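Just so you know, all these numbers are worked out from the coordinates, no wet-lab data involved. Since the model is a prediction, treat every value here as computed from it, not as a measurement. Here Cβ is always computed from backbone atoms with ideal geometry, including for glycine, and neighbour counts include all displayed protein chains.
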């Protein structure tokens, strides 16, 4: 299963993901995965745990799927997407999967 397949499955099942990204382990509730206008596959999700370069962990973020390592679906709580979170999906040119 590819990284994108795992992300899509987690979105459908409303499950969180654990993975390494830019030097930090992270736990994220994934909301959407798709293609950006610059043809990069990105995931939009709310980070609920782990670390980050900024020191802020609980935040809506874009993740380049090419930089995600060791992604697994985990039993951590899933943070539902707000309407404000969903408004960000418009930044993707093509959506492969999104939360309903």
The one condition residue 37 fails out of (1) in contact (Cβ under 8 Å) with a residue 60 or more places away in the chain; (2) touching a helix residue (DSSP H, G or I) at 6+ places or on another chain (Cβ under 9 Å); (3) loosely packed, with under 15 Cβ neighbours inside 10 Å is (1)
Within the stretch 13-22, work out how many residues are free of Cβ contacts under 8 Å to residues at least 60 places away in the same chain, assigned to a strand (DSSP E or B) and either in contact with a helix residue (DSSP H, G or I) (Cβ under 8 Å, 6 or more places away or on another chain) or surrounded by 15 or more Cβ atoms within 10 Å (Cβ to Cβ) (or both). 4
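Would you confirm, using the coordinates I've provided, whether residue 61 is touching a strand residue (DSSP E or B) at 6+ places or on another chain (Cβ under 8 Å) and part of a loop (DSSP other than H, G, I, E, B)? If you could, list the steps in order and put the result at the bottom.
Details: touching a strand residue (DSSP E or B) at 6+ places or on another chain (Cβ under 8 Å): yes; part of a loop (DSSP other than H, G, I, E, B): no.
No; evaluated as a whole, the condition is false for this residue.
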Which of (1) under 12 Å from the mean Cα position of the chain (by Cα); (2) buried (at least 20 other Cβ atoms within 10 Å of the Cβ); (3) in contact (Cβ under 8 Å) with a residue 60 or more places away in the chain does residue 73 not meet, given it meets every other one? (2)
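Rundown of residues vs (1) assigned to a helix (DSSP H, G or I); (2) out of contact with any helix residue (DSSP H, G or I) (no Cβ under 8 Å at 6 or more places or on another chain); (3) surrounded by fewer than 20 Cβ atoms within 10 Å (Cβ to Cβ), yes/no style:
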site: 11; (1), (2), (3): yes, yes, no
site: 43; (1), (2), (3): no, no, no
site: 53; (1), (2), (3): no, yes, yes
site: 80; (1), (2), (3): no, yes, yes
site: 89; (1), (2), (3): yes, yes, yes
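Going by the conditions given, is residue 32 surrounded by 20 or more Cβ atoms within 10 Å (Cβ to Cβ) and outside any strand (DSSP E or B)? Lay out the reasoning, then the answer.
On the way: surrounded by 20 or more Cβ atoms within 10 Å (Cβ to Cβ): yes; outside any strand (DSSP E or B): no.
Spelling it out, it is not the case that residue 32 is surrounded by 20 or more Cβ atoms within 10 Å (Cβ to Cβ) and outside any strand (DSSP E or B).
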For the stretch 91-100: of the residues being in contact (Cβ under 8 Å) with a residue 12 or more places away in the chain and surrounded by fewer than 15 Cβ atoms within 10 Å (Cβ to Cβ), which is nearest to residue 38 (Cα to Cα)? 93
